[in-house]
Each structure stands twice: as C-alpha cells, then as structure tokens.
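Student: This is the structure I have questions about; it appears just below.
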Amino acid sequence: MLSSRVILVACLAALGAACKNSPGPVTRTQTAGLWMDGERRGEERAVSTIEEHRSVLRTATSLTGPAPVRLEGQLVLERGRATTLRVTGDVPASFAALADLTITPDRTDTFPIRGPLPVHVLSALVRQSMSASRRRFLTLPEGAVTLRACPGAEGPFPDATCHHVTGLASGDAFVWLDSRRQLAAAVAR
C-alpha cells in the first residue's frame, strides 16, 4: 500500500512540473521588402506571437514615394480562425479602404481582409487555407476570395509554393510560402 502512495505522489509531482514548465509564448519576427516598378519602396515588419490556441500578428508597413503609406496592423487568430483585424495609419486616398478599419468576422468561413496590405495578412490567409483545406473565404464587408495553385511553376524561390488569390477588391495577388509556411514573397497591385 505504501508503494502505491509513493507512485501516486511521484505521478502528481511529475504532472505539476509538466504544468509549470509548459512552453510560453513563441515569437517570430519577419521583414519583407516592398517593391514597385522594380524599385524597393519600403518594407513590412511582422511580429507573430503564438501562445496555446491564440496567435497575434502585428505588422508595420511603410512605403515611400509620391503617395507614402504607413500602416500598423494586428490580426488575431483563435484556434486557427481569424477573429479580428485592425489596421490604422496614413495612406493616400486610393488606399483609404485599407486603413482605419476594425473587422471582427462572425463566421468560420469569413476572413477579415479588404486589400493586399499588409502582405503578411495575405500570407496568414494562405496558411489558414492550407490548414483548413478551404479554397474560398468570404471577406468583409461583402465579397469572397478564392485561393488556387499558381498557373505556372516558376517562382522567385525554388523551395516556395505559389498561391493565386482572386477576388480582392484591389485585384489578384500571388503569395509564395516557404517550406516552413512563412511568407517568401507576394505580388499584388
């Protein structure tokens, strides 16, 4: 009888240690160069924090030129489902729909996207499509995007797969994810 109590205490102690030593949040930072007409015009920095079933992607996007763009964004995913997108910043009138918006979808087939910026939000859409095996998402306020494999095998990186996103208000986009499912490149209007 004494030995079973010792085993029980040892099991409870091991369980308590496992709970205390559960992994904390994992943070990853990625920076993507933004190019227009063959010229580097800016960059987007993305910081992704994953903790248990919640992932928060924070972006800072800047473009220089005649119509400068400065955006701050936050995309929240709960259990792999996009639940909130908040984008604020300074943009020219032609990009007005991309800034100062807060979107909270109420359905699992909805993704909170209205344009190609921030580009890391596009990569999150592609990852969600891959993990959920969905090729079509409703977008807010009203619309739908469809994801397909790119029509050609060519791409900027040999270890990246290309995804063609159609249905965006700003036009089609092409998103390449590397073997770790991280953004390798994106081409959008």
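Student: Search the stretch 145-170 for residues being assigned to a loop (DSSP other than H, G, I, E, B) and touching a Pro at 6+ places or on another chain (Cβ under 8 Å), and hand back the single one that is modelled with the highest pLDDT. Even if it seems obvious, please write down each step before you answer.
Tutor: The initial filter retains those residues of the stretch 145-170 that are assigned to a loop (DSSP other than H, G, I, E, B), namely 150-160, 167-170.
Then drop every residue that is not touching a Pro at 6+ places or on another chain (Cβ under 8 Å), which leaves 168, 170.
On the way: Leu168: 84, Ser170: 76.
Looking at the filtered set, the residue picked out is Leu168.
Student: If you don't mind, another one. Please work out which residue is nearest to Ala173 (Cα to Cα), limiting yourself to the stretch 31-46 and to residues that are among the aliphatic types (A, V, I, L, M) and surrounded by 15 or more Cβ atoms within 10 Å (Cβ to Cβ). Before the answer, list the steps.
Tutor: Residues of the stretch 31-46 among the aliphatic types (A, V, I, L, M): 32, 34, 36, 46.
Filter once more, keeping what is surrounded by 15 or more Cβ atoms within 10 Å (Cβ to Cβ): 32, 34, 46.
Numbers: Ala32: 16, Leu34: 14, Ala46: 19 Å.
Within the stretch 31-46, the match that is nearest to Ala173 (Cα to Cα) is Leu34.
Student: Taking Asp100 as the residue in question, decide whether it is open to solvent by 80 Å² or more (accessible area, probe 1.4 Å) and either modelled with pLDDT of 85 or more or on the phi < 0 side of the Ramachandran plot (or both).
Tutor: Values: open to solvent by 80 Å² or more (accessible area, probe 1.4 Å): yes; either modelled with pLDDT of 85 or more or on the phi < 0 side of the Ramachandran plot (or both): no.
So Asp100 fails the test.
Student: Of all residues in the stretch 57-77, which are open to solvent by 60 Å² or more (accessible area, probe 1.4 Å) and more than 13 Å from the chain's Cα centre (by Cα)? Lay out the reasoning, then the answer.
Tutor: If we filter the stretch 57-77 for residues that are open to solvent by 60 Å² or more (accessible area, probe 1.4 Å), which is where we start, we get 58, 64, 66, 68, 70, 72, 74.
Hits for the stretch 57-77 are Thr64, Pro66, Pro68, Arg70, Glu72.
Student: Here is a further query. In the stretch 171-189, what residues are at pLDDT 85 or above and in a loop (DSSP other than H, G, I, E, B)?
Tutor: Asp172, Asp178, Ser179, Arg180, Arg181, Gln182
Student: Still on this structure, please answer the following. Condition check: over 17 Å from Ala186 (Cβ atoms), free of Cβ contacts under 8 Å to residues at least 24 places away in the same chain and touching a strand residue (DSSP E or B) at 6+ places or on another chain (Cβ under 9 Å). Does Glu72 satisfy that?
Tutor: Values: over 17 Å from Ala186 (Cβ atoms): yes; free of Cβ contacts under 8 Å to residues at least 24 places away in the same chain: yes; touching a strand residue (DSSP E or B) at 6+ places or on another chain (Cβ under 9 Å): yes.
Answer is yes for this residue.
Student: Tally up the residues in the stretch 114-141 that are more than 23 Å from Glu72 (Cα to Cα), modelled with pLDDT under 85 and of a type in the set (D, E, K, R), please.
Tutor: Total satisfying the criteria: 1.
Student: Return a yes/no flag: does the stretch 87-94 have any residue that is crowded, with 16+ Cβ neighbours inside 10 Å, part of a loop (DSSP other than H, G, I, E, B), among the aliphatic types (A, V, I, L, M) and over 15 Å from the mean Cα position of the chain (by Cα).
Tutor: Step one: filter the stretch 87-94 for residues crowded, with 16+ Cβ neighbours inside 10 Å, giving 87, 89, 91.
Okay, now just the ones that are also part of a loop (DSSP other than H, G, I, E, B), so 91.
Those still in the list that are among the aliphatic types (A, V, I, L, M) too: 91.
Restricting the remaining residues to those that are over 15 Å from the mean Cα position of the chain (by Cα) gives 91.
Yes, some residue in the stretch 87-94 is crowded, with 16+ Cβ neighbours inside 10 Å, part of a loop (DSSP other than H, G, I, E, B), among the aliphatic types (A, V, I, L, M) and over 15 Å from the mean Cα position of the chain (by Cα).
Student: Could you tell me which numbered condition Gly80 fails, if it satisfies all but one of (1) modelled with pLDDT under 80; (2) within 30 Å of Ala132 (Cα to Cα); (3) open to solvent by 100 Å² or more (accessible area, probe 1.4 Å); (4) not hydroxyl-bearing (Ser, Thr, Tyr)?
Tutor: (3)
The values are calculated or read from the model by the stated rules, or taken from the named source; none is laboratory data. Just so it is clear, the structure is predicted and the values come from calculations on it, not from any experiment. Don't worry about glycine lacking a Cβ; one is built from the backbone with ideal geometry, like all the others, and counts go over all protein chains shown. Just so you know, the surface numbers come from the protein's heavy atoms only, side chains and all, with ligands and any DNA or RNA stripped out. Shrake-Rupley method; radii C 1.70, N 1.55, O 1.52, S 1.80 Å.
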